[in-house]
Amino acid sequence: MTDPGSLQASSFVSASPGAPAPLIQPRNSPPNSRNGQGEAGITEIIEAHGGPFYSFGAIPGLQPTRDSASDTLTETVHHVNALLSSSDRRIKQALHAWLLTYKSATTRQNYLRGLAAFLSWLHDTTIGSDLFGLTAHDLAAYRDHLVHIRATHRLAVIRSFYQFSLRHSLVPFNPAAGLAVPPALPKAKSPPLSPAERQQIQSGCARLASRWPRHAAAIALLNDNDLTITLLAGLDTSQVLDVATPDGDLRAVIVIPHSDEHDEVIPISASTRAVLQCLLATRRPTDPLIRQSDGGLITYEWIKAALIDMARAGGLPRDRVKQLRPSMLRPAPSAPKPNHPRPRAAPISKTLWKQVAAVLPQPQSRRTQGGRIDDRVVLAGILYLMAGDRPWHEVPTSAIGCSWATCRQRILAWTDADVWPRIHHLLRDELRMTGRLPPGSATTDGQPPGI
């Protein structure tokens with residue numbers, strides 16, 4: 001039995017110009033391919049848009065304008081015209097008609113740039129410039145050549161052109177039918193900024209402070225403190241203050257108010273204060289600290305451009321400047337803290353603390369002062385020790401929350417103040433109500449066992 005696949009291929013190849021059309025058409029090929037109807041349809045598309053066109057630059061949407069991108073578009077048009085100068089007229093007309101099927105001028109320009117990249121690659125290889133003679137293997141080689149970040153757009157350009165060519169019977173099959181986007185390679189992370197590189201960036205800010213005060217101030221503040229771009233954009237001039245230190249010197253700070261009425265004070269180094277001085281000299285107290293030239297809020301792209309300028313002025317190597325991102329200005333995350341076990345002593349409840357606080361010689365706040373451990377923390381440790389059946393000196397500090405010696409000293413102090421019997425009574429009642437009172441009478445006399 002004959003293989004259907006081999007029958008299709010043999011029928012297409014063996015057909016002579018004078019022979020009748022085969023009963024089985026090639027795969028992906030429309031009936032009556034290369035019979036002239038496709039070229040007639042292309043001519044109608046071109047004439048409907050005012051063609052024929054002698055150049056890609058004459059196509060509507062591809063004509064140079066006076067905008068900032070006109071030079072790039074003109075170069076692309078000249079480049080494509082030069083690469084297709086020796087190509088078949090049918091290929092040029094097909095490309096003209098293919099671009100005209102898109103109504104948007106922006107889409108035509110983007111697809112023309114993708115076409116220019118593809119033609120440049122063909123020109124640098126030995127494949128040739130006959131677009132209608134390319135195979136799926138040729139297009140797979142182009143896919144492997146592409147930079148992965150641009151592969152999706154450029155492969156879409158190729159697929160669109162060959163779908164158009166197949167629809168108008170210019171090719172017997174679509175060589176880009178199975179063209180898939182290559183998997184993206186993992187991006188290598190740029191190393192964080194070293195202290196020497198940060199100093200170079202700060203030096204660049206100092207050099208450009210008088211010329212570009214807004215840019216230099218923004219980078220100096222981000223490089224000096226752990227600030228975000230959003231927080232920096234919301235600062236005004238009145239939040240930069242000079243405060244007196246205990247030594248009598250002046251220290252520049254940034255004051256950030258919070259909703260809980262507690263202001264956050266961020267100190268500024270002397271070098272950053274010197275950079276800010278050029279900016280503050282032109283600002284009123286109520287003016288925003290840093291804005292773009294048009295008065296808008298600073299953005300990520302604005303900060304990135306300013307960072308590149310400051311890094312170049314500071315003398316960073318060109319390859320390193322290309323790696324810079326605004327996120328690199330933030331300090332590196334600190335090393336994870338060692339995973340110490342949390343104390344197993346449960347905190348003292350509010351009810352029990354109110355009863356104990358009323359017995360203590362004087363009101364004690366929960367905040368420690370002068371290195372003294374809070375009474376509430378010590379009471380939690382004592383309660384934990386009383387609930388156990390081990391000698392106190394054998395219980396590790398990590399389980400108590402403080403050392404057993406601290407608990408013993410606090411008991412002796414309260415004993416001298418004649419308040420420990422009452423506190424011990426309250427702690428013992430707590431153990432009884434919670435069912436944690438150990439057997440025996442170790443805690444009935446109020447003295448720490450094992451001492």
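Given that compact globular proteins tend to follow 2.2 N^0.38 Å, what is the ratio of the alpha-carbon Rg of the stretch 195-329 to that value?
Taking the Cα Rg and dividing by 2.2 N^0.38 Å, one obtains 1.04.
If you average over every viewing direction, what projected area does the convex hull of the Cα atoms of the stretch 102-202 give, in nm²?
Averaging across all directions leaves 10.0 nm² for the Cα convex hull.
Return P(r) of the stretch 350-434 (all Cα-Cα pairs; 10 Å bins starting at 0; whole %; ordered from short to long distances).
Per 10 Å bin, starting at zero, the Cα-Cα P(r) for the stretch 350-434 comes out as 16, 53, 29, 1 percent.
Can you figure out the FRET efficiency of Gln163 with Ala244, using R₀ = 56 Å and their beta-carbon distance, to the nearest 0.05?
After rounding to 0.05, the efficiency reads 0.15.
For Ser398, Ser87, what ranking results if the residue with the fewest other Cβ atoms within 10 Å of its Cβ goes first?
Going from sparsest to densest Cβ surroundings: Ser398, Ser87.
Can you tell me how much longer the chain between Ala82 and Ala188 gets when fully stretched, taken as 0.36 nm per residue apart minus their C-alpha distance, in nm with one decimal?
Residue separation times 0.36 nm, minus the Cα-Cα distance, leaves 34.4 nm.
Do any trypsin sites (Lys or Arg not before Pro) in the stretch 192-240 lie in a DSSP loop with no more than 13 other beta carbon atoms within 10 Å, and if so, which?
Here the sparse-neighbourhood loop sites are Arg211.
As an exercise, use a Förster radius of 51 Å and the Cβ-Cβ distance of Arg284 and Leu426 to find the FRET efficiency, rounded to the nearest 0.05.
Using R0 = 51 Å, I get an efficiency of 0.25.
Under a crude label model (7 Å from the Cα following the beta-carbon direction), how far is Arg325 from Asp124 in nanometres?
2.7 nm
Compute the FRET efficiency between Thr152 and Ile256 as 1/(1 + (r/R0)^6), taking r as their Cβ-Cβ distance and R0 = 60 Å, and round to the nearest 0.05.
0.90
What length, rounded to one decimal in nm, is gained on full extension from Thr228 through to His145, with 0.36 nm per residue of separation minus their alpha-carbon distance?
Taking 0.36 nm per residue and subtracting the Cα distance, the gain is 26.0 nm.
What is the order of Val359, Val377, fewest Cβ neighbours within 10 Å to most?
Going from least to most buried by this count: Val359, Val377.
Starting from the Cα of Ile266, step 7 Å along the direction of its Cβ; do the same at Ala417; then give the gap between the two resulting points in nm.
4.3 nm
Once the piece of chain linking His393 and Ala48 is laid out straight, how much longer is it, given 0.36 nm per residue of separation minus the C-alpha distance between them?
114.5 nm
Here, each number is a calculation from the coordinates, and none is a lab measurement. Note that this is a predicted model, so its numbers are computed, not measured. Using ideal geometry, Cβ is built from the backbone for each residue, glycine included, and neighbour counts are taken over all protein chains shown.
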